[in-house]
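Report on the structure given below.
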Amino acid sequence: MGLRLRPVDTSFYDLFTQSAQHLVGGAELLAEMLSDSSDKAQVAERMRAAEHAADETTHEIVKKVNSTFVTPFDREDIYALGSGLDDVMDMMDEAVDLILLYEVKSLPPELSEQVDVIQRCAELTAASMPRLQSMQSLEDYWIEINRLENAGDRNHRRTLAKLFSGEYPTIEVLKLKDIVESLESAIDAFEKVANTVEQIAVKEG
Amino acid sequence: MGLRLRPVDTSFYDLFTQSAQHLVGGAELLAEMLSDSSDKAQVAERMRAAEHAADETTHEIVKKVNSTFVTPFDREDIYALGSGLDDVMDMMDEAVDLILLYEVKSLPPELSEQVDVIQRCAELTAASMPRLQSMQSLEDYWIEINRLENAGDRNHRRTLAKLFSGEYPTIEVLKLKDIVESLESAIDAFEKVANTVEQIAVKEG
Amino acid sequence: MGLRLRPVDTSFYDLFTQSAQHLVGGAELLAEMLSDSSDKAQVAERMRAAEHAADETTHEIVKKVNSTFVTPFDREDIYALGSGLDDVMDMMDEAVDLILLYEVKSLPPELSEQVDVIQRCAELTAASMPRLQSMQSLEDYWIEINRLENAGDRNHRRTLAKLFSGEYPTIEVLKLKDIVESLESAIDAFEKVANTVEQIAVKEG
């Protein structure tokens, strides 16, 4: 458990920022994957590489916690934040992988709205990580993530209603439902990160 | 880790009882949701509110563990019990949400049997939480929950066989299977809570 | 956290080996389940018994960690390894259960390839557990598990492509997809165990 003295050690914050920047890159690749003209196998390969790089950063965070005697905030919160950011990357990687795996040529336009939400969440998260050091302006971040998650949830429900409307052959619904659910999971994972940041801010404030 | 001295602090037990009472309310809402005549959107809204209230109780439990020096039983077991009860609520909320989301007008009668099992589990759990203080008559509770889980499992298998019998269009099977699986998950979550109570009783006994 | 002194206590290693041997038995039952001529209900019953026995071993591991003052390696790693091995058994049990539940008479031949991978993973894991004591030749084990997981992933993708090819009625795809995904989860669970062993070896090395 961290002491009340705040150590002058910026590198945890650097690692969280690095982790969140991987998410910005991953969200961009997800957007590319949706484009009809993209080389889907190639985008998926770049996503896998991005996911491995994100994994490395997560391992760095774990190693650092294990070897640091006085941490800037509670040890469990550092683990939670590190693994929460890692989970978002895994969800985005899964969405990209399913689009490739299911050989879906043309995706419903509603999916672009979800990917816009995901990109916005990634940018906000990357912008907020450096502010963990000062604990300034974090409330705006988690409030906006909550708003975006609600928007994502409404998109999700609208898309599912469309999938079940009879417009698609059931075999296509089976594939699209998995993809749509992985996008929803990615947005939920961003909200879980924001909840962890809120917990940290409440404890440290 | 708790000391062998048992502190005279009833409020953990009050919080567990409160948490389990949320489950009784949630199970009632789930039963309402199954009725053909219910206003499904309104029942789902009340369920969301109940789930938020249950979340508050879970947060109270976590806060209390974090700020209590001597806990009535192992800290990890308090976390496990608190989050286990929270998981049941989440599963019931998911079942209600899917019934609304998928716009299923009329549900197979088998689902009522599952909801009866869930209501029975909720009542038993709410009745047993106060007994954590005395550790009396807990074995009857977890034995009955195990019996109910087995009954739920048999209902589940029978319902799935019916879903795959050809009686329903495949697109309906896709929706009903998700709902049926969320009911099964809720019953499994009750069993997980009973297992945690059994672990606690064995350690403290 | 374990001290740097290595206690002469073989029984943790015996329990891990026992756990992994349950996986070898479970993988054999999974192979039997795939055979057209097997009595599926009877194989599933033997699998449930094997899963209960594996659960007992996992409980032994947890009890032992809780009652041992100086552990051979980090307490969290012992929990992680014990529960990781337990997760593999649960995944194999789920696969067997789904094959029974869905009354799938004849399974696509591709599934045998996955079960071969699973059997190979189980044998390797059982052979490596005793080596945790000496920390010798563990790298070969996790490298081979990674290679097998990649092979399993390629099988998985090929099988899904076949499922979605139009060769099967959609209602069958719904059932087979669940079975195929549980086999993939079992292989991923073997890889997670190998990752835990690698972490332990890195720390202790």
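The values are calculated or read from the model by the stated rules, or taken from the named source; none is laboratory data. Please read all numbers here as calculations on a predicted model, not as lab measurements. Positions of Cβ are backbone-derived with ideal geometry, glycine not excepted, and every protein chain shown enters the neighbour counts. Ligands, DNA and RNA are stripped out before the accessible areas are found, and what is left, the full protein with its side chains, is counted by its heavy atoms. Shrake-Rupley method; radii C 1.70, N 1.55, O 1.52, S 1.80 Å.
Rank these by accessible area, largest first, 1.4 Å probe: A:S165, C:S182. Don't skip to the end; give the middle numbers.
On the way: A:S165 75, C:S182 5 Å².
The residues order as A:S165, C:S182, largest area first.
Once fully extended, how much extra length lies between C:E56 and C:S112, figured as 0.36 nm per residue of separation less the alpha-carbon to alpha-carbon distance? Display every interim value, and only then the final one.
Details: separation 56, 0.36 × 56 = 20.16 nm, distance 2.90 nm.
Computed gain between C:E56 and C:S112 is 17.3 nm.
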Two-site FRET efficiency, B:E123 against A:S37, from Cβ-Cβ distance with R₀ of 56 Å, rounded to 0.05: 0.45
Top of A:L29, A:L160, A:L85 by mean-square fluctuation, Gaussian network on chain A, Cα under 10 Å: A:L160
Those residues of region C:94-129 whose amide nitrogen sits under 12 Å from the label point placed on C:D74, 7 Å along Cα→Cβ: none
Calculated label separations, C:A151, copies of the chain, 7 Å along the beta-carbon direction, nm: 4.8, 4.8
Along each principal axis, Cα extent of chain C, largest first, Å: 61, 31, 22
7 Å along Cα→Cβ, label-point gaps from C:S106 to other copies, nm, shortest first: 3.7, 3.7
Heavy-atom surface of region B:139-205, accessible at 1.4 Å and reported per residue (Å²): 42
Relative contact order %, chain B, counting alpha carbon pairs below 8 Å whose residues are six or more apart: 31
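Using heavy-atom solvent-accessible surface (probe 1.4 Å) with all chains present, what is the largest-first order of C:K63, A:K40?
C:K63, A:K40
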Residue with peak Gaussian network fluctuation, chain C [Cα springs, cutoff 10 Å], from C:A53, C:A44, C:A189: C:A53
Electrostatic dipole magnitude of region A:130-205 [Cβ: Lys, Arg +1; Asp, Glu -1; Cα centre; debye, to 20]: 160
Rotation relating B and A, chain A residue nearest the axis via C-beta, angstrom: A:T170, 3
Proximal lysines relative to C:K64, as straight alpha-carbon distance under 18 Å, when same-chain residues fewer than 8 apart are discounted: B:K203
Computed label-point distance, nm, for sites B:M135 and C:A151 using a 7 Å Cα→Cβ extension: 5.1
Given charges at beta-carbon only (K, R positive; D, E negative), |dipole| of the protein assembly as shown in Debye: 880
Mean shadow area of region B:117-162, taken as a quarter of the surface of its Cα convex hull (nm²): 3.0
Peptide C:145-154, shielding by other chains (average Cβ, 10 Å cutoff): 0
Shortest-first nm distances, C:K63 label point to equivalent points in other copies (7 Å, Cα→Cβ): 3.9, 3.9
Dipole of the protein assembly as shown, positive direction: furthest Cα of B:Q119, B:A27, A:V62, with charges on the beta-carbon: A:V62
Ratio of Rg to Rh over region C:64-121 (Cα coordinates, Kirkwood Rh, two decimals): 1.21
Nearby aspartates and glutamates by direct alpha-carbon distance to B:K162 (threshold 16 angstrom, same-chain neighbours under 8 apart not counted): B:E110, B:E113, B:D153, B:E172, B:D178, B:E181, B:E184, C:E103, C:E172
Electrostatic dipole magnitude of chain B [Cβ: Lys, Arg +1; Asp, Glu -1; Cα centre; debye, to 20]: 380
Proximal charge balance of B:G26 [Cβ under 10 Å; K/R count +1, D/E count -1]: -3
